[in-house]
Amino acid sequence: MRLFRRRLILILGSILLAYHADFSQSSTQNGVRLFEEGKYDAAVQALKKRAGDDAMAAYYLGLSYEKLGQTSEAVGAYKKSFDNGMYLISIDLIKKYRSAPQIKEDILLGKNVPRDEKVKAAYDSLSRLAEIDPDKIKNAEEWENKRLVLEPFMGNPVDDSSPTPLKILSKPFPTYTQEARQNQISGDVRLLIFFLANGKIGPVYPTRELPYGLTENSIDVARRIKFVPATRNGQPITVARIINYNFMLY
């Protein structure tokens, strides 16, 4: 009887998830249609429902706001589109490498995650931000760094020549928090880190975490890693790598 109930719950859960996915897609498509018909107010109302977790919806929401002359709202929507696109990429990579130990080889981007229209929308959102952001001069470096993360996923022809791996010059180690020591916490924090072609650290995502501030401290020092970018045919490229921080009590 219990087995039957579990199977029934799984089946019902799958049906609900499928329904939610279909509903989400239809809501976004409806909003895009309204935008293309020039019904920008109606498009905003439809797309706002999906912009929280859909890069395509957030992108068209930004376009709709622009048409209505609402620049600050458009900037917020475009930022959300980028966040949603990065979430898609990071989730796929984290699923693939969650159980992996520290990987010294670079993770070549573009081959590991297929191009997705929602990721393309996130990329296009950055182009719009570079145009309309009131603080675009101040934020120019931020938009460029984000563009370098998404660019490998834009469906450009992949060069199969062997790249020269990145070289880490310095890697600070995170501090052991007092709370973690008191609770005798030990183990590994593993981070998925994007190493950008311009020599900057991009987004950092934990694939294995520890409590009491150890994960946060690891992310903080990871952002201060110094490195020489990976190259292909002499040109710097953006790659990712799994970096491990080991916490041991002595």
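Ranked by the mean number of other Cβ atoms within 10 Å of their residues, highest first, the peptides 239-245, 47-53 come out as 239-245, 47-53.
A straight chain from Arg224 to Asp53 at 0.36 nm per residue would run longer than the Cα-Cα distance by 58.6 nm. Taking 0.36 nm per residue of separation and subtracting the Cα-Cα distance, full extension of the segment from Asn183 to Lys67 would add 36.3 nm. With both labels modelled 7 Å from their Cα along Cα-to-Cβ, the Phe173 to Glu37 distance reads 6.3 nm. The phi-based Karplus calculation (6.51 cos²θ - 1.76 cosθ + 1.60; θ = phi - 60°) puts the 3J(HN,Hα) values of region 139-151 at 9, 4, 5, 4, 5, 5, 4, 5, 4, 5, 6, 7, 4 Hz, whole numbers, x for Gly and Pro.
Bridging of Lys138 to aspartates and glutamates at a Cα separation below 19 Å is possible for Glu73, once same-chain residues fewer than 8 apart are set aside.
For region 115-222, carbon and sulfur atoms together expose 47% of the accessible surface, with a 1.4 angstrom probe and every protein chain in place.
For the cross-link pairs Lys48/Lys79; Lys49/Lys79; Lys96/Lys146; Lys95/Lys226, the ones whose C-alpha atoms lie over 24 Å apart are Lys95/Lys226.
What's the whole-number percent of alpha carbon pairs in region 143-238 lying beyond 24 angstrom? Intermediate results must be reported in sequence, preceding the final value.
Working: 1543 of 4560 pairs.
More than 24 Å apart: 34 percent of the Cα pairs in region 143-238.
So, R0 is 22 Å and r is the distance between the beta-carbons of Asn30 and Tyr87; what FRET efficiency does that work out to, to 0.05?
Numbers: r = 23 Å, r/R0 = 1.03.
For Asn30 and Tyr87, the calculated efficiency is 0.45.
The values are calculated or read from the model by the stated rules, or taken from the named source; none is laboratory data. Here the structure is a predicted model, which is why all the values come from computation and not from measurement. With ideal geometry, Cβ positions are generated from the backbone for all residues, glycine too; neighbour counts draw on all protein chains shown. Surface areas here come from the heavy atoms of the whole protein model, side chains and all, with no ligands, DNA or RNA. Shrake-Rupley method; radii C 1.70, N 1.55, O 1.52, S 1.80 Å.
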